[in-house]
Structures are given as structure tokens and as C-alpha cells.
Amino acid sequence: MVETASFRGYNAPSRRRAFGAIVRNTMKFKLKDAVIPVKQNQIIHHRQIVSVAVALPVHGTFSYSIPAHFAPHACPGKRVLVPFGRRTVTGYLIGPALETDPLEIKHILDVLDDTPLFPATMIPFFKWIAAYYMHPLGQVINTALPAGLNLTDIAILTLGEAGAQALESSPLSPLEGIVLSALAKRPAGIKQLQKAIGQPVSWALVHLMRQRGWIQVDRQIKARQVQPKTIRWVTVHGVAPVSTGMSVQRQSIRTMLETEGDLSIPALKARIPTAPPLIRAMQKSGQVAVYERTVYRDPFGDPIEPDTPPRLTVEQAEAVSTMAPMLGKGFKTVLLAGVTGSGKTEIYLRLTQAALDKGLRVLVLVPEIALISQTERRFRARFGETVAVLHSGLSQGERYDQWLRIAKADATIAIGARSCIFAPFGDVGLIIVDEEHDASYKQEGGLSYNARDLAVVRARHHNALAILGSATPSVQSWYNVTVGKYETAGLTRRVNRQPLPAIQTVDLSRSRDDRGIRRYITAPLQQAIRETLDDGNQALIFLNRRGFSAFPICGRCGQPIRCKNCDISLTLHKRANAFRCHYCGFSKAAASTCPSCGSDKTRLLGVGTEKIQEAMNQLFPEARVARMDRDTMTRKGSIVSLLKNLKHRRIDILVGTQMVAKGHDFPGITLVGVICADLTLNFPDFRAGERTFQLLAQVAGRAGRGDQPGRVILQTYNPDHFSILAAKDQDFKAFFNHEIGFRKALGYPPYARMIAVRISGKNPQQTAAHARALGENCREMLAACASFHEQIHVMGPIEAPLSRIANHHRWQILLKSTDTVELHRFAHELILGHHATSTGRHVKVTVDVDPFFLM
């Protein structure tokens, strides 16, 4: 299907003919002078050559000319359809290009948007991201935009006359015969063909059959998946008819339209069920006219009652009075360090109001989709319809509509997870990052950006105020405070004047010999849960591992039940009655036999949230137990439903993973039980201690946020570890002072910057060889350049701790330096410069700047 909606001045058949003509011959337009807008509210005269970033893995931008009939509609921020090699792809218009030889330049085929999808002021931001993360500019923009917008062309295979003859008379290989027989039924794309015949078809075979004249290969444009939503509306048309010539129902429709104005067909149908056929008849007789109006899909659901701002505490008032005057006065970053329950969200709301009063736009980032509902409701109660939300939990259509609301200035506040940093505000005055320490702000795969860091960068680009809030600030952010890069504001008391919860550690090594679930749910924890339930309160039981059994082994030979695609054990999910891999998604039935000895006996070692939920039901049969993890929160609305049940005390015990530890406000929870505090402590990662401290301090902070004091039972095998002790005391400064010494001695962030070069491939020998070749290139570059030799530290190549995921063997090289410029120059030369090694089709090399996960 061909997208032709942007050919202005053509009717529909003419649009299709015009587009087809342009695709067949893209070099017929003459170059003329045009007026091209390059900035908002600014127009300059320029030759009709523009710079376009294509949504492909190619670096840089490309120059195209604009045909005269598109020139009035071409401006930065719009999508364009362009020829690229033998393909037709979506590109993004960046602005005027440098002069290029008109005879060598190709022409834009279409301008796909009526209004820009992003403002021109965001283009420097996108270029900074592309340079810093060493990622193609077109793919940076593609990552930022809602999914499903781009047009792509696909190869369509059609049986030729020679192919039909060959099918009848020529000797064919089995696969050739199957392919030709399938194409004799209908033309197909390569993926459709492979699905139809149930086996792969190589492009080498396609090219061979094409050379023989058996098949034809044509390219067709595949339409975008997301379209604006429209609803048909009805308006009065013509002179009022004589009433005797109309039925009673038609007269009712006409009267409603005359008295109430235009109405939508769904609204009329709600009053008169037979309205649609009546309207069609009235339209045919000229009594009414029907037109379409674009509407926004509603992602919010239930309406929210407006709230009344509470009275601020002394500390809150001081924080607001310190930060509010900074709005509109240039770039600044403030770290808001407040204990759990200290009222940071109310400060965000007050600062947002101050920003709106000055005509500024506001971006609010939260780390998890699970938190967005709570934050969005608080902001909508205060600011109403000015709030938009952006996150991956929305449908493609909802996200597209929310994006347009922001781009068209129908919304002045955007709330979302990490991708919300790309919200298309032309100018931003305030950027808030809640729970700034959270690792969820780091995107893994594709464009590996850190939304917290980009919040600071975007604030600098817009001369805005950035607020980073957390009860457990990251080592990086607090270090920036100590060296004067960030300012700070503090909240040391809870708003309800309740003390922080009392934390009791329980040494799990003392219950090592206990059998069954009592190894994990110790007597002190059981007693605390019983007392909590008897008092009519709620308990939260935390374990950062989902599933039922995390380490199943064969009951006869002792071999672990492993994933066939990854070097990792499978996890039993009892409700699904299956073993599952949490990395590649591989699954097999729980009744499977051991691949080593054939035994059907399995020992279910280890524990997960599913097993803990089952144990809670057994130990406390009268309690209402729920679970909050990725397995139970997959359906749309499931998070909101669970939080409502918790708020209205329809849940007595909540079992959950880290989803429950982040920023939620559960006033009825007075007890938090941590099943095992050590799960993240022994990871081969220099941030393991930091993550453990933050996770434990955050989950402990869920207790005692209402009228009743809270308590925490923290079970651990390492009660004397400094991360555990700092979490017990809820003292992030003590943790920082201990941790920063290790970082400095070893030269890890924040005292240095790091880049991870990851090499992966299906063939272990080819992957290892390419990793070693890259390592040799690193050594040659260090030897050849004195500044590299002095500034760059190369670690590896070495197999990754998880050496195989999804049948891809993984190696990595870590580059480290105190000089950010030299580090990026080294990595750029290694990957894209003269020392770059061709990867071919079988090995993939990716760059992760400022990596968070080293597994």
C-alpha cells in the first residue's frame, strides 16, 4: 500500500498516479529557489537542497532536493520519503544542506506530515545524542518518535512466465519447486513466503531465480501502522425542510443539530440507536452533511477529582523557595535528596505550578511504568487536561496522539518513563527526574541512552532547571554535588512526622539447615507478619526474583535445567507449568525429562516470588495475598487495578519484585519483609554494592508512610556488609563515603568514564576471532598515539559473564579514561575510523557509552 496523503493539490486517483510517476523517475524535477523554514517562526531563502537523516543504521545526513510543489510544505521536523540506493525509506528533514552538485542529487518523493513531528529546537539535542552515543542520527530520531510512523519498502516476489513454464517442464531442486509453487498461488514478500513454505529462503536463491527469469522482484511501500483517529460528525445542511416530509426520528436529529450544534455520530447513536442509517439517508437527500474530525485516544480512563494543595512542611517550603526563583534564569541542576515519605512529589507539583505561571513547559520522568499511574493522577488532579503521558505501556495510537498533543501545544506537562525525555516541546523550562538513581533510566539495546543524563543535557540546551530527586542518590549525582556541578536541597523528615521504620536484620546463615520454606521465611519474619495482620495492617514481602524455582536441577544426575539458547538456568513458573528463560524467552514444559540422563525427576532449588506467594497462602490462609511482578502485571490496567485494591485494603499481603520498591505510597503497609538482601550483592559489577543499598533502602521506605509506625525485617547472609549496614541506617552519605574510596582507588566512575564495546555472533569461533582482532587494533592504537597511551585504559577482550544469550556468543572490551574527549575519539576511531574492522554479516559490534550492566 502506498502512502499518498501528503500530495497536496491532487485528488486521490491523481495522487496515486503522481506518486507512481515520481517513484519511476525521480530525476525529472528541475532545481529552483525555494523558501525553506529552518527554525520556528523564521524563514530564510535558500537553494532547494536539504539535509535528511534516514531511519537506517548509517551515520551522517544526506542531501536531497525538494520538488517545487513540495517546497511550501518542507520544514525541519517533518518526515519525508526519499530514495536511498535501491530502496525507498523514511527520512527526517533536518534543515538546509551545504551546496551540492544538482546533477548528482536525488529528489524527495513526498512530505509525509502536515505539521512537524518535532520542533526544530530539538535537532541540536538529537545531534548531541548521535555524537555522544555514537549512534546514527536517523535512528536517534526514530527512537524518539512514536513507533509505527515510518514507511518502508518491501520486496514482493511474483512468478514470471518463465517460472510458470519451469514449474511444468524444467528439472528443479526441491526448494525451487516449493518456492515457485507458492508464488503460483499469490505474490509474497520474503517473510510471507518463508512462513508459507515453513523453511528459510536465502537471497542468493532469490537472485538466482530472478536471473533465470523465473520470478520478478518489485518493491512496494508498506504503509505506516499508526494513523490519526477520526470520528464522523454531522452538521445541518441546506434549508430547513417541511416537517411533514420527514419522519419523527429525522426531525429529532435535525432539531438536535440546530439547537446543540454539530454532533458526532456516536453521540447521536447513544440517543437514537437507529441514527447511522437515518443520517446516511438524510445526507443523501441533502438535509445534513457529514465530515470527519480528528480526535485523541484517551489513555487515562477514570476522571480525576481536583485536589487541594496541602500545607507544606518547613523543609518543603524551604526547598520550593530555593528552587522556584531559578526557573527561567538559565541552566541549573539541583539534586533533591529527601528521605522516603518526605513529600518530594508535592515539591514537584509546586515547582510545576511556578513554571506554568512563567509560561514554561514541564517534563516529568519516572523510572517505571508502574509509577506513572500514581504520578499522573497526582498531576492531573492538580493541573487537569494540560497533562500528557508518554510511555511504552500505551497503545501505538494512544502514544501517537499524546505526542501530537505535546507537539501542538495542547499539553504543557509531559509525564512518562525514560522515552519521555524526547517529548516534542519546543522549549522546556523545568525537567524533573524522580528516583534519579534508578537503573531503569538506562536503555539497553539499540540507542543505549541514559534518560537521567539526557535530562541534564536537554536542560542545558534549553537553559532550563533540572531537578533530580531521590532518597538514595546515585554515587555519580552526589559526587557532582561534592565537586560543585550540582546544587542540592534536602528533606530529612517525613511529612507525617512519623520516624523512619525500624530495621531489624536476620542472619539467614542460622537457618541454613532448616527445611522447606522456613529457610527463606524465618521465625522472626513469620511472627512480624502475624502481628501485622492481627493489627489490621498490611505487609509487603520483597524478593527481587520472579518465578517459583530459580535453580531447578535433575533429581538423578544433578545437572541444572538450562536454556538451550543461553548459558543460564531456566526458572520454573508453576502457574504456567513451564520452565522459562528470562533472557531469550525460551520455554519448555515442566514435565520435560533431563537431556543428560533422561530422568523425569526434578529438584526445585532456589526461590522466587511465585513460591513466596504460595507460602504466604499456606502460612496465613485467612489473608488475601497478591503478587506484583512482571508475570502478573502484563495486562493493560493490571497495575492500576492492583494499586486500587491495595489502597482500599482488599489486599493483606503483597509479594513483589523491585516493582514494589520504587516510589509507591502505600499508607496501610506497616511491615516490609526482605526475603534475601544479597541477590544483587555478589554480581561481577562494580555497582553491585550501590544497587543493593539503593534497593534495600527504597523498599524499606515503603513501611510506615501512614498513621502507624513501620518496621522492616531484612534477611541476609551478610549482615556486616557495609551496603547492608548503610541500608539498615538509611544513611546514603555513609554509604557514599565508604563506596567512593573504592571507586577512586580502582579508577571507576565517577572518577573515570567508560565505554563498553560488545561483540556478538552465532558462530563462537568467528565471534572470538573478531573480538581478538578488535583487541589487537586497540593495542596498535595505544602504541601509535602518545595521548591514547597515556589516557586510555583497555580491558579485554574477554568473554562476557553471560557468554551466550539467545544463541549469540558474547565478548566485550571495556575502555576507560578520565578524559572524556580522548575516550570518545579512541572509540570512534576503533569502530568507525581507519582502525575499524569489517564485521560482515555474522558478527555484530555495538557501543554502550557509560554502561550500567556489565554482564
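The values are calculated or read from the model by the stated rules, or taken from the named source; none is laboratory data. This structure is a prediction, so every number in the text was calculated from the model and none was measured. Every residue, glycine among them, receives a Cβ derived from its backbone with ideal geometry; neighbour counts consider all protein chains shown. Each accessible area value is taken on the protein alone, full model and side chains, heavy atoms only, with ligands, DNA and RNA left out. Shrake-Rupley method; radii C 1.70, N 1.55, O 1.52, S 1.80 Å.
Kindly check whether there is at least one residue in the range 660-669 that is in contact with a strand residue (DSSP E or B) (Cβ under 6 Å, 6 or more places away or on another chain), outside any loop (DSSP other than H, G, I, E, B) and modelled with pLDDT of 90 or more.
yes
Checking Val50 against (1) free of Cβ contacts under 8 Å to residues at least 24 places away in the same chain; (2) touching a Phe, Trp or Tyr at 6+ places or on another chain (Cβ under 7 Å), which single condition isn't satisfied?
Unmet condition: (1).
What number of residues within the range 480-508 are of a type in the set (S, T, N, Q) and at pLDDT below 90? Let's see the steps before the verdict.
Of all residues in the range 480-508, those of a type in the set (S, T, N, Q) come to 480, 482, 488, 492, 496, 498, 504-505.
Now restrict to residues that are at pLDDT below 90: 496, 498.
Counting residues in the range 480-508 that are of a type in the set (S, T, N, Q) and at pLDDT below 90 gives 2.
Somewhere in the range 723-742, is a residue open to solvent by 10 Å² or more (accessible area, probe 1.4 Å), assigned to a loop (DSSP other than H, G, I, E, B) and closer than 20 Å to Thr820 by Cα?
no
Can you tell me which of Ala771, Ala786 is of a type in the set (Gly, Ala, Ser) and under 21 Å from Met134 (Cα atoms)?
Exactly one residue qualifies, and that residue is Ala771.
Can you name the condition, by its number, that Val58 falls short on among (1) under 19 Å from Asn142 (Cα atoms); (2) at pLDDT below 90; (3) open to solvent by 20 Å² or more (accessible area, probe 1.4 Å); (4) of a type in the set (A, V, I, L, M)?
Unmet condition: (2).
Just to be sure, is Ala68 at pLDDT below 90, open to solvent by 10 Å² or more (accessible area, probe 1.4 Å) and among the small types (Gly, Ala, Ser)?
So Ala68 fits the description; yes.
Being open to solvent by 10 Å² or more (accessible area, probe 1.4 Å) and without any contact (Cβ under 8 Å) to a residue 40 or more places away in the chain, is that true of even one residue in the range 747-761?
no
Looking only at residues in the range 218-247 that are β-branched (Val, Ile, Thr) and modelled with pLDDT of 85 or more, which one is surrounded by the most Cβ atoms within 10 Å (Cβ to Cβ)?
By that ranking, first place goes to Val234.
Considering only the range 548-575, state which residues are assigned to a loop (DSSP other than H, G, I, E, B) and either closer than 18 Å to Ile517 by Cβ or over 27 Å from the mean Cα position of the chain (by Cα) (or both).
As a first pass, look at the range 548-575 and keep what is assigned to a loop (DSSP other than H, G, I, E, B): 548, 550, 555-559, 561, 563-568, 570, 574-575.
Phe548, Ala550, Gly555, Arg556, Cys557, Gly558, Gln559, Ile561, Lys564, Lys574, Arg575, listed by residue number.
Assess whether Pro367 counts as being surrounded by fewer than 21 Cβ atoms within 10 Å (Cβ to Cβ) and more than 30 Å from Pro266 (Cβ to Cβ).
no
Does Leu157 qualify as being more than 30 Å from Phe84 (Cα to Cα) and surrounded by 15 or more Cβ atoms within 10 Å (Cβ to Cβ)?
Here the answer is no, as Leu157 does not meet what is asked.
List pairs: first residue in the range 409-431 and open to solvent by 10 Å² or more (accessible area, probe 1.4 Å), second residue of a type in the set (Ser, Thr, Tyr) anywhere in the structure, Cβ distance under 6 angstrom, at least six positions apart or on different chains.
Thr412/Thr386; Arg418/Tyr441; Gly426/Thr121
Restricting attention to the range 421-433, which residues are modelled with pLDDT of 95 or more and touching a Ser or Thr at 6+ places or on another chain (Cβ under 7 Å)?
Leu430
Name the residues in the range 569-587 that are surrounded by 18 or more Cβ atoms within 10 Å (Cβ to Cβ) and touching a residue at least 40 places away in the same chain (Cβ under 8 Å), would you?
His573
Looking only at the range 601-632, how many residues end up being in a loop (DSSP other than H, G, I, E, B) and either among the charged types (D, E, K, R) or in contact with a strand residue (DSSP E or B) (Cβ under 9 Å, 6 or more places away or on another chain) (or both)?
Count: 12.
Quick test of your reading of the structure: Thr680 fulfils all but one of (1) open to solvent by less than 30 Å² (accessible area, probe 1.4 Å); (2) assigned to a loop (DSSP other than H, G, I, E, B); (3) not charged (D, E, K, R). Name the failing condition by number.
Single failed check for Thr680: (1).
Does any residue in the range 312-327 that is more than 16 Å from Thr488 (Cβ to Cβ) and open to solvent by 40 Å² or more (accessible area, probe 1.4 Å) come within less than 6 Å, Cβ to Cβ, of a residue that is β-branched (Val, Ile, Thr) and part of a loop (DSSP other than H, G, I, E, B) six or more places away or on a different chain, and which pairs are these?
Correct list of pairs: Thr313/Val495.
Collect the residues in the range 76-101 that are of a type in the set (A, V, I, L, M, F, W, C) and either under 27 Å from the mean Cα position of the chain (by Cα) or open to solvent by 20 Å² or more (accessible area, probe 1.4 Å) (or both), keeping them in residue-number order.
Residues satisfying the conditions are Val80, Leu81, Phe84, Val89, Leu93, Ile94, Leu98.
How many of the residues making up the range 340-364 are open to solvent by less than 30 Å² (accessible area, probe 1.4 Å) and closer than 28 Å to Met659 by Cβ?
Of the residues in that region, 14 qualify.
If Gln165 passes every condition in (1) out of contact with any helix residue (DSSP H, G or I) (no Cβ under 8 Å at 6 or more places or on another chain); (2) closer than 30 Å to Phe852 by Cα; (3) open to solvent by 40 Å² or more (accessible area, probe 1.4 Å) but one, which one does it miss?
Answer for Gln165: the failing condition is (2).
Filter the range 258-267 for residues that are outside any loop (DSSP other than H, G, I, E, B) and either at pLDDT 90 or above or surrounded by fewer than 15 Cβ atoms within 10 Å (Cβ to Cβ) (or both) and give the result.
Residues satisfying the conditions are Glu258, Thr259, Glu260, Ser264, Pro266.
Restricting attention to the range 352-368, does a residue exist that is over 28 Å from Thr121 (Cβ atoms) and either in contact (Cβ under 8 Å) with a residue 12 or more places away in the chain or part of a helix (DSSP H, G or I) (or both)?
Scanning the range 352-368, I find at least one residue that is over 28 Å from Thr121 (Cβ atoms) and either in contact (Cβ under 8 Å) with a residue 12 or more places away in the chain or part of a helix (DSSP H, G or I) (or both), so the answer is yes.
Within the group Leu109, Leu145, which residue is more than 30 Å from Arg758 (Cα to Cα) and hydrophobic (A, V, I, L, M, F, W, C)?
Numbers: Leu145 fails: more than 30 Å from Arg758 (Cα to Cα).
Exactly one residue qualifies, and that residue is Leu109.
Suppose we filter the range 639-675 for residues that are open to solvent by less than 30 Å² (accessible area, probe 1.4 Å) and of a type in the set (Ser, Thr, Tyr); how many remain?
Residues meeting the conditions: 2.
In the range 623-638, which residue that is in contact (Cβ under 8 Å) with a residue 40 or more places away in the chain and over 16 Å from Ile612 (Cα atoms) is surrounded by the most Cβ atoms within 10 Å (Cβ to Cβ)?
Selected residue: Met633.
Name the residues in the range 445-501 that are touching a helix residue (DSSP H, G or I) at 6+ places or on another chain (Cβ under 6 Å), open to solvent by 60 Å² or more (accessible area, probe 1.4 Å) and either within 15 Å of Ala319 (Cα to Cα) or of a type in the set (Val, Ile, Thr) (or both), would you?
Within the range 445-501, Thr488 is the sole residue that qualifies.
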